[in-house]
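Structure record follows, encoded as structure tokens.
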Amino acid sequence: MDQIIIEGGVPLHGDLVISGSKNAVLPLIIAGLLSDRKLTLRGTPRLADTQTLADMLYTLGAEVEEFGRGPGEGLSVTAADLSSTRAPYALVSKMRASFWVIGPLLARAHEAQVSLPGGCAIGTRPVDLYLKGLAAMGADIKVEGGYVNATAKGGLRGARIELPFVSVGVTHVLMMAATLAKGQTIITNAASEPEVVDVGRCLQAMGARIDGLGTRVVTITGRDRLDGADYTVSRDRIEAGAYALAVAATGGDATLTGIDENVLGALVPAMRLAGVDFCTEGNANEPVLRVIGPRGRPHATCVTTEPYPGFATDLQAPFMGLMCCADGVSRVRETIFENRFMHVQELTRLGANISLLGDTALITGVPELLGAPVMATDLRASVTLVIAGLMARGTTRISRVYHLARGYERLEEKLSACGARIWREAS
Ligand code: EPZ
């Protein structure tokens with residue numbers, strides 16, 4: 001298994017080109033199941049998760065093909081015929097988002113047998129809201145032998161669905177399913193995350209009728225069929241946020257190409273409070289955000305995770321990385337997932353002073369971190385350890401870095417180009 005080695009203490013300078021969004025491309029690939037025509041997705045990142053999903057689509061009788069290299073690269077999804085409606089445990093347990101095939105399968109084939117995803121490192125993550133939403137659209141749902149067996153004889157029908165709290169995945173699935181349902185579906189308390197907007201826009205390009213994208217009420221009027229489309233995926237705001245934090249944490253000055261400050265939501269104001277400066281450069285086609293690290297230690301800053309445009313839970317761990325060396329005590333509260341603090345013990349190994357009380361972490365900033373061997377526990381925890389390693393004096397060795405390949409394309413290459421001393425070694 002590979003390890004990532006970092007010799008810390010080098011401020012990042014240069015340009016980081018942000019890749020296509022992982023959390024948009026996964027549901028976009030799944031959206032390809034809704035049509036018998038080809039869906040072309042451009043600007044897609046090459047990640048372990050997209051490959052895992054391609055394997056899943058293959059078992060359903062669809063094809064996912066990568067094409068090109070460089071800016072024009074992407075992948076196409078062709079689901080001319082669905083030869084199976086069964087999503088097996090072996091694949092769903094590898095990546096939870098593959099559970100989302102349940103929406104398109106039910107909408108197009110009127111049946112689905114999808115494994116329950118099983119355990120997760122960041123929380124219990126039940127699927128009750130998916131099942132309630134699909135049942136409201138007329139699906140008959142039984143959970144048996146670890147599988148959700150769902151049928152919708154005669155097809156799904158539109159419904160009014162009020163979500164008790166915001167869920168990104170439930171919004172994706174119900175929106176996708178509703179595009180082929182009979183009549184109108186209104187989802188209230190829908191997620192407004194940029195990834196949901198991306199999926200909605202792609203569905204519109206496929207001929208779906210959707211209103212209210214980016215708001216809390218999304219209305220979908222079903223159609224008999226959807227067409228193919230050629231769609232460019234948005235850049236990854238979570239990757240961009242992690243790199244912005246890495247630049248700030250090393251006291252660097254670097255640009256993020258392809259990302260607009262607005263999609264970072266509450267991260268930018270929080271980082272400004274911490275003493276980080278931002279300048280918008282570039283143009284509307286290719287926005288560029290310059291990140292200028294604080295002079296000296298960052299100021300202690302408190303954040304609470306919330307649905308978009310609030311502070312993203314996927315940036316909670318990386319933000320804590322920055323706060324490890326802040327001047328003062330910061331408080332980070334996690335309200336989306338109940339167990340998303342696995343990085344805390346590993347940060348402590350680098351010398352961080354963090355105490356946990358329920359959903360809140362109190363971080364007493366220390367003047368510096370010291371390199372040590374650490375272990376990655378999940379995707380966002382992994383990048384946090386990279387940020388901490390870049391800040392730390394001495395050498396940090398991160399093991400279990402296979403998590404990183406799930407969400408960060410060419411991470412070592414991108415950071416090395418900005419001066420970081422980071423490389424991968426087989427152990
Ligand atoms: C998406 O997960 C993302 N995953 C997550 O990114 C992200 O952290 C999360 O949204 C929140 O922004 C992808 O896009 C592939 P939710 P999702 O449903 O959709 C509870 C990463 O690191 N809930 O919005 O699964 C759930 O347990 C990841 O890239 C129910 O209770 O998250 C959580 O507490 C990890 N019942 C809350 O809702 C349900 O039926 C919000 O989660 C569904 C969800």
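Numbers for the structure displayed
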| item | result |
| --- | --- |
| Mean-position separation - Cα centroids, the stretch 3-64 and the stretch 159-235, in angstrom | 20 |
| In order through the stretch 23-36: 3J(HN,Hα) via Karplus (6.51 cos²θ - 1.76 cosθ + 1.60), integer Hz, x for Gly, Pro | 6, 8, 5, 5, x, 5, 4, 5, 4, x, 6, 6, 10, 8 |
| Counting DSSP beta bridges with both ends in the chain, the antiparallel % (nearest 5) | 70 |
| Nonlocal amide H pairs with residue 288, under 5 Å, H built at 1.01 Å | 258, 281, 282, 283 |
| Surface/4 estimate of mean projected area, convex hull on alpha-carbon atoms of the stretch 91-166, nm² | 5.3 |
| The stretch 307-371 - convex hull of alpha carbons, volume per residue in Å³ | 76 |
| Rounded to whole Hz, the Karplus (6.51, -1.76, 1.60) HN-Hα couplings of the stretch 101-112, x for glycine and proline | 4, 4, x, x, 4, 5, 5, 8, 9, 6, 7, 7 |
| Shape category assigned to the stretch 82-134 from the gyration tensor of Cα positions, a/c cut at 1.5 | oblate |
| Sequence-separation-based contact order of the stretch 1-155, relative, with Cα cut under 8 Å and 6+ spacing, percent | 19 |
| Total charge dipole magnitude, the stretch 131-267, about the Cα centre, Cβ charges on Lys, Arg, Asp, Glu only, Debye to nearest 20 | 800 |
| Projected-area average for the chain over all orientations - Cα convex hull basis, square nanometres | 18.5 |
| Cα centroid separation, the stretch 386-427 to the stretch 270-296 (Å) | 22 |
| Spin-label pair residue 327/residue 285, simplified geometry with 7 Å Cα→Cβ offset, distance in nm | 4.3 |
| Percent breakdown of C-alpha pair distances by 10 Å bin, ordered from the shortest bin, for the stretch 247-336 | 18, 48, 30, 4 |
| Test item: Cα-centred dipole of the chain, Lys/Arg +1 and Asp/Glu -1 on Cβ, debye | 560 |
| Mean ellipticity per residue at 222 nm, deg cm²/dmol - from DSSP H runs of n ≥ 4 across the chain, formula -39500 (n - 2.57) | -8000 deg cm²/dmol |
| Rough spin-label spacing in nm, given labels placed 7 Å along Cα→Cβ, for residue 13 and residue 144 | 6.7 |
| Among 98, 221, 274 the positive-end extreme of the charge dipole of the chain (Cβ point charges) | 221 |
| Theoretical gain in end-to-end length, residue 216 to residue 162 [0.36 nm per residue, Cα-Cα removed] | 18.4 nm |
| Efficiency of FRET from Cβ geometry, residue 277 and residue 302, R₀ 25 Å, rounded to 0.05 | 0.80 |
| Which listed pairs, of 94/153; 132/182; 22/132, have C-alpha distances above 21 Å, in listed order | 94/153; 22/132 |
| Two-decimal log10 I(q)/I(0) for the stretch 43-145, as the Debye equation yields it once each C-alpha is a single scatterer, q = 0.09, 0.11, 0.18, 0.22 Å⁻¹ | -0.26, -0.38, -0.93, -1.22 |
| For the chain: relative contact order, % (alpha-carbon pairs under 8 angstrom, 6 or more apart) | 21 |
| Sequence-distant residues sharing a close amide H with residue 369 (under 5 Å, placed H) | 393 |
| Added length on full extension, which subtracts the Cα-Cα distance from 0.36 nm per residue, residue 80 to residue 425 | 120.0 nm |
| Overall form of the stretch 339-403 per C-alpha gyration tensor (a/c, 1.5; a/b vs b/c) | oblate |
| Derived scalar couplings ³J(HN,Hα) [the stretch 126-134; Karplus, 6.51 cos²θ - 1.76 cosθ + 1.60; whole Hz; x for Gly, Pro] | x, 10, 4, 5, 4, 5, 5, x, 5 |
| Gaussian network model of the chain, Cα within-10 Å springs - most flexible of 357, 134, 379 | 357 |
| Residue 355 versus residue 225: modelled label distance in nm, points set 7 Å from Cα along the beta carbon direction | 6.5 |
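Laboratory data are not the source of any read-out in this text; all were calculated from the coordinates shown. From a predicted model like this one, the values you see are computed outputs, not experimental measurements. Cβ coordinates were reconstructed from backbone atoms using ideal geometry, including for glycine residues, and neighbour counts include every protein chain displayed.
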